[in-house]
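Have a look at the structure below, then the notes.
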Amino acid sequence: MRLRRIRRGQSAVEVMLLMPVVMMVFIAMYYLWSVTFAAANCHMRAREYALHGDEYLGGRSQGTTGSSALSGSDYRKAERGLTSFEFSGTSSDTSIDGVGNSGVNLSVTAVITSN
Amino acid sequence: MARLLQPLRRARARAGQAAVFVAMVLFTLVIFLALATNIGIIVNDKIRMQNTADLASYAAAYSEAQVLNNLVYLNGIIADTVAQCRSTLVSSSPYVDCLCQYESPVAEAVIEGCKMALDPLIMQFVMAANYTASVTPALQRGYSTAEANFSGTRSQTSFMETLPGSPTFVGQYWLTYSTHFMGGGSVPAIANYDQATSIQVNYAHLTFCPGPNCSCCIPYLYYPQDSFNGWFYKDNSDPEIWVEGRVYGTPQKQFLDIKYSGGYFGASATGGDDLLYAYAVAKPYEGSVGPTLTGNPNATWTIGPLYSPGPGSLVLDKERDLAMVEEYRARLAGLNEDLRGGSAPTDLAQMDGAMLGKMWNVAYFKH
């Protein structure tokens, strides 16, 4: 009888001890997905800015700068001859804060260049 | 005694049961974590790869648009030279002399001078349109752009220049030309262009011949004519020029390949075996090197006057439709877009895949 009493609650204690580890795994998954999403978002926005500037992003190009291949509502007229050119978009994004407030700051540049 | 120990044995058998269960769950979660991360990396890399293909193709097409605008400019100089020659001949007509011959030596000298002036201009056009001076540097710029966007992809980028049927294949398009004194020939070029080789010029020649009572009193009015080799033209407004780019690469490792050194995220193009492929098409548009559309609102060229009244047999070679529009730009095109010239982009992708040991089902190509 006494032994049974001693063992009672052991599973609960084991689960409680392991729960933080499980939670850490979940948080890590969420955090990594956040980084991945931010990176993909950065790449797409940078590319769109290099090609279409604000025209495509509809004024929602927060954190994206550069010189676009689009001028007004049409692509730029190509300068005569093989002169050098560069169109680019640099986009930055921040993932959610990770453990210890360490959200990753991502910066991506998409470039169309003659060099 | 045995009966007394039974509960103790049962309790021992249950000890650590939850730990085993949780460990199994934990193991599964870690596997999911790795899988999720790996898929994230692959998705991210696929986006990077597609961006690289798009931007590299655009860079090549934009460079071709630059070449085409230069060709428009050079073609315009040829046309201007013809216009000046015609104007000179018309404004000086009638040429008057007492030589009693059909042609005026003065006017013929003007015509010869025009021919001599046109030849280097024609050669300049030919050299600018030559494959090695137009397509080759354009593709080099495409390679540079690929490398700038995704380090290591220069050697894994192709613009289908080795595939017959591709607009970038050397020898896919030819330019045949004629000069007046410098011969002619055919060269592989950025596109097929025809040359106007019977551009008419004429003038009026009033010459006096000897009569019974004079040495120079009987007038004769002639309308001598000649023809030039001159500008280049196409019979369609949308030239068969486009660039298909392919980039492939692979994440560095299959799992958890994440680094943040120097802003680097995801993968490199070397190592591993998760090969990712991306195709893209871009093309120059909106310009016109030579005569194309009737009634093109952008057509501004007039090619000088002909002397009138002249003989009615003069043929205006492609002049009525003349439009030289220095407005070439570049745009991304679809793999399934109906592009002129050579093979379809999806066919090229299929051929390219076969060379890489892949059997693409192009029905899935929606980009």
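For the peptides B:96-102, B:137-143, the ranking by mean Cβ contacts within 10 Å, running from highest to lowest, is B:137-143, B:96-102. Per-residue mean of foreign Cβ neighbours for A:34-41 is 6 (Cβ atoms of other chains, 10 Å radius). On the basis of the beta-carbon distance and an R0 of 22 Å, B:Thr197 and B:Tyr102 show a calculated FRET efficiency of 0.40.
Other residues with beta-carbon under 14 Å from the beta-carbon of B:Val126 carry, at +1 per Lys or Arg and -1 per Asp or Glu, a net charge of -2. With each label modelled as a point 7 angstrom along the Cα→C-beta vector, the B:Ala344-B:Phe365 pair spans 0.9 nm.
When +1 charges are put on Lys and Arg Cβ atoms and -1 charges on Asp and Glu Cβ atoms, the dipole computed for region B:57-133 relative to its Cα centre reaches about 200 debye.
Taking only the C-alpha atoms of region B:137-183, Rg followed by Dmax gives 15.9, 50 Å.
Estimated translational diffusion coefficient (Stokes-Einstein, Kirkwood radius over Cα pairs, 37 °C, 0.692 mPa s) of region B:16-123: 154 µm² per second.
As a calculated quantity, the FRET efficiency between B:Val187 and A:Phe26 at R0 = 56 Å, using C-beta atoms, amounts to about 0.30. Positive contributions from Lys and Arg (+1) and negative ones from Asp and Glu (-1), summed over other residues with Cβ under 12 Å from the Cβ of B:Glu147, come out at +2. The alpha carbons of region B:151-234 give a radius of gyration and a Dmax of 25.8, 92 Å, in that order. Exceedance of the 31 Å cut-off in Cα-Cα distance is limited, within the set B:Lys283/B:Lys358; A:Lys77/B:Lys234; B:Lys234/B:Lys358; B:Lys46/B:Lys234, to B:Lys234/B:Lys358; B:Lys46/B:Lys234.
Computed from the coordinates by the stated procedures, all read-outs in this text should not be read as laboratory data. Only a predicted model underlies this, so the values are computations on that prediction, with no experimental measurement involved. Note that we place each Cβ from the backbone using ideal geometry, even for glycine, and neighbour counts take in every protein chain shown.
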